[in-house]
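Scroll down for the structure; my scribbles are underneath it.
The values are calculated or read from the model by the stated rules, or taken from the named source; none is laboratory data. Predicted model, so just to flag it, every value in this text is computed and none were measured. Methodologically, a virtual Cβ is constructed for each residue, glycine included, from the backbone with ideal geometry; neighbour enumeration extends over all protein chains shown. Protein only, heavy atoms only, side chains kept; ligands, DNA and RNA dropped before computing areas. Shrake-Rupley method; radii C 1.70, N 1.55, O 1.52, S 1.80 Å.
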Amino acid sequence: MVHYEDVNVGDEIPPLEKTITKEQLIEYADASLDYNPIHVVDDFAKKAGLGGVIGHGLLSLAFLAQMLTDWIEKPTDLKKLSVRFVGMTRPGDKITSKGKITNKYEKDGVGYVECELVSENQKGQKTVTGKATVVLPRKG
């Protein structure tokens, strides 16, 4: 478990790596009820000028959220999460979600940590950027 006292501005959050698969896109479509054909039908996505199916933006957001909730003690300690979708993901892409601490402060005895977030594909191209605020437990 990570504690507020153990982190510093500039520290990195342990990254999360995921590989996008066509099966995963279908499963995500089932879970989210987002059956937009650009995510599940190759021919449709090609005719739309995308070169093939692309991943759901919210799936990439879920990877960032998982990275954060794997790092913190409780999912409810994730207090704020905002993202911007800046690139597409495709089946076969290896997505690495990363975070870096940009600020830490105390308010009413609670330790808050602000982070910059980014997801990149295997080519180093950004697919999602964002920011988060989490609460980390205090020692003692």
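Remarks
- Exactly one residue out of Val110, Val53 is within 30 Å of His3 (Cβ to Cβ) and either touching a residue at least 40 places away in the same chain (Cβ under 8 Å) or aliphatic (A, V, I, L, M) (or both): that is Val110.
- Neighbours by Cβ (under 7 Å, 6+ apart or cross-chain): first from segment 124-139, in contact (Cβ under 8 Å) with a residue 24 or more places away in the chain; second acidic (Asp, Glu) and open to solvent by 90 Å² or more (accessible area, probe 1.4 Å): Lys131/Glu116; Pro137/Glu73
- Filtered by the rule that a residue be touching a Leu at 6+ places or on another chain (Cβ under 9 Å) and within 17 Å of Gly55 (Cβ to Cβ), segment 118-140 gives Val118, Ser119, Val128, Thr129, Gly130.
- Once segment 47-96 is narrowed to residues that are under 14 Å from Gln125 (Cβ atoms) and either of a type in the set (A, V, I, L, M) or in contact with a helix residue (DSSP H, G or I) (Cβ under 8 Å, 6 or more places away or on another chain) (or both), the residue that is surrounded by the fewest Cβ atoms within 10 Å (Cβ to Cβ) is Val86.
- The numbered conditions (1) modelled with pLDDT under 95; (2) in contact with a His (Cβ under 9 Å, 6 or more places away or on another chain) are all true for Thr89 except (1).
- Of all residues making up segment 1-26, the number that are charged (D, E, K, R), under 22 Å from Glu120 (Cα atoms), over 17 Å from the mean Cα position of the chain (by Cα) and surrounded by 11 or more Cβ atoms within 10 Å (Cβ to Cβ): 2
- The combined condition, being of a type in the set (Asp, Glu) and surrounded by 15 or more Cβ atoms within 10 Å (Cβ to Cβ), is fulfilled by Asp34.
- Number of residues in segment 97-122 that are open to solvent by 90 Å² or more (accessible area, probe 1.4 Å), basic (Lys, Arg) and under 18 Å from Leu16 (Cβ atoms): the value is 1.
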